[in-house]
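The values are calculated or read from the model by the stated rules, or taken from the named source; none is laboratory data. Everything quoted here is computed from the prediction, not taken from an experiment. Positions of Cβ are generated from backbone atoms using ideal geometry, with glycine treated the same way; all protein chains shown enter the neighbour counts.
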Amino acid sequence: MSMRTILLAGSILALPAVAIAQPITGLYVGAGAGANFLQNEVVRHLQLDGSGLRDHGASTRFDAGYAGIGSIGYGFGNGLRIELEGNYRANDLKRGQRGLGAASNGQEQKYGAMVNALYDVDLKPYGIDYMMPYFGVGAGYANQRYNHVEILNGNTRLHINNGVDQIAFQGIAGVAFPLPTLAPGLALTVDYRFYDTPQDAKYKVQYDNYATGTTTGGKLKVGNDLNHTVMVGVRYAFNTAPPPPPPAPVQVSAPAAAAARTYLVFFDWDRADLTARARQIVADAAQNSSRVTYTRIEVNGYTDTSGTPQYNQGLSVRRAQAVAGELVRDGVSQNAINIQGFGETHPLVPTASGVREPQNRRVEIIIR
């Protein structure tokens, strides 16, 4: 089988793998904002000094509120990501229910820090390369606060202005839409988060009775802090390679070209930067391309079999892009270059999986 036939077959197999949406490899940051919907909170009990148990079984109802997050994380290239998140949620108190008092004002606020584990679902095998769904879970800390909450009932007022520290959990489901035309690594995110502080919150209260002119203290215990958050945000992965340029247009009436010339550029393990020897080979290829008539220059990247297939695919593309960029710096027109990555497929030296074979860590420059 000829080298041309092998490269053509490899090109067909690799087309889905060089699509836009790729699992994150390395450091990334994100931010988002949206709406928070807090379910009714159940009043477990209200204990006032010297007056026993009151309003047992009542609840508080909240208006739709808002939320914001900021995160920093690390992707492992295989879909798995770990991140640290800071978050804020706020909902205005709408009213108390079932005897607690209808006239109300104030706000429930939550400040939190979470550790999240997420997984990106690669849809390229199904022909979808413009988005990437993700899902995950998180756990952490929240400071849950009733901020200047007042519940009025006739001549009485219940006033709460303090907070409690809580354990928090969340589930996450969303989708990312890459925006490579704006910046490689930039993506628009849309997700839903179910956020819960499962422990009952115990607040100190002040109870004013205007009819008797008395003020007493007490404790309010509420539960069921269940939040549904819909959020839109942006995410930026720092080491994402730019998408390859479109292939050069086919020259229908181009004159017959000379026989194809092939140059091999080798790389160190898990590296995509060019050595001094590699730059010399690329310079020779660029200089020789100016002496012949050609229709296109193919720059094809490969890896050895160490690492995951997904990671190796991205590494092969980055190697090809590094060589293509050096060709352009040496005077070759970028429009004449066609970049492809073949990952660990089509090795020069066949090996078992997980073998670091130097001759397979290469880029082939083919001048046709």
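Name the single residue, out of those in the stretch 65-104 being at pLDDT below 95 and hydrophobic (A, V, I, L, M, F, W, C), that is surrounded by the most Cβ atoms within 10 Å (Cβ to Cβ).
Checked the stretch 65-104; the qualifying residue surrounded by the most Cβ atoms within 10 Å (Cβ to Cβ) is 93.
From the list 227, 239, which one is modelled with pLDDT under 90 and surrounded by 14 or more Cβ atoms within 10 Å (Cβ to Cβ)?
Matching residue, one of 227, 239: 239.
Scan the stretch 327-350 and tell me whether some residue there is under 19 Å from residue 270 (Cβ atoms), of a type in the set (A, V, I, L, M, F, W, C) and outside any loop (DSSP other than H, G, I, E, B).
The answer is no; no qualifying residue exists.
Looking at the stretch 352-368, can you tell me whether even one residue there is of a type in the set (S, T, N, Q) and either under 15 Å from residue 286 (Cα atoms) or in a strand (DSSP E or B) (or both)?
Taking every residue of the stretch 352-368 in turn, none turns out to be of a type in the set (S, T, N, Q) and either under 15 Å from residue 286 (Cα atoms) or in a strand (DSSP E or B) (or both).
Is there any pair with a first residue in the stretch 82-102 that is under 14 Å from residue 158 (Cβ atoms) and assigned to a strand (DSSP E or B) and a second that is small (Gly, Ala, Ser) and modelled with pLDDT under 95 whose Cβ atoms are under 6 Å apart and which are 6 or more apart or on different chains, and what are they?
Cβ pairs passing all conditions: 93/104; 93/106; 95/102; 95/104; 96/104; 97/59.
Go through the stretch 278-319 and report how many residues are under 24 Å from residue 81 (Cβ atoms) and not in a helix (DSSP H, G or I).
Total satisfying the criteria: 4.
Any residue at all in the stretch 164-180 that's closer than 30 Å to residue 214 by Cα and surrounded by 15 or more Cβ atoms within 10 Å (Cβ to Cβ)?
Looking through the stretch 164-180, at least one residue is closer than 30 Å to residue 214 by Cα and surrounded by 15 or more Cβ atoms within 10 Å (Cβ to Cβ).
Would you please name the residue that is farthest from residue 145 (Cα to Cα), looking only at residues in the stretch 110-123 that are in contact (Cβ under 8 Å) with a residue 40 or more places away in the chain and of a type outside the set (A, V, I, L, M, F, W, C)?
Checking each candidate, the answer is 122.
In the stretch 291-314, what residues are modelled with pLDDT of 90 or more and either touching a strand residue (DSSP E or B) at 6+ places or on another chain (Cβ under 8 Å) or hydrophobic (A, V, I, L, M, F, W, C) (or both)?
Once the filter is applied, which keeps residues that are modelled with pLDDT of 90 or more and either touching a strand residue (DSSP E or B) at 6+ places or on another chain (Cβ under 8 Å) or hydrophobic (A, V, I, L, M, F, W, C) (or both), the stretch 291-314 yields 298, 299, 300, 301, 302, 311, 313, 314.
Given the structure, is residue 168 assigned by TED's automatic domain parsing to the domain that holds residue 66, over 22 Å from residue 41 (Cβ atoms) and assigned to a strand (DSSP E or B)?
No.
For the stretch 108-124, does any single residue satisfy the condition of being on the phi > 0 side of the Ramachandran plot, at pLDDT below 90 and under 32 Å from the mean Cα position of the chain (by Cα)?
The answer is no, given that none of the residues of the stretch 108-124 is on the phi > 0 side of the Ramachandran plot, at pLDDT below 90 and under 32 Å from the mean Cα position of the chain (by Cα).
Only one of 274, 264, 220 is surrounded by 15 or more Cβ atoms within 10 Å (Cβ to Cβ) and either modelled with pLDDT of 90 or more or outside the structural domain of residue 41 (by TED's automatic domain parsing) (or both); which?
Exactly one of 274, 264, 220 is surrounded by 15 or more Cβ atoms within 10 Å (Cβ to Cβ) and either modelled with pLDDT of 90 or more or outside the structural domain of residue 41 (by TED's automatic domain parsing) (or both), namely 274.
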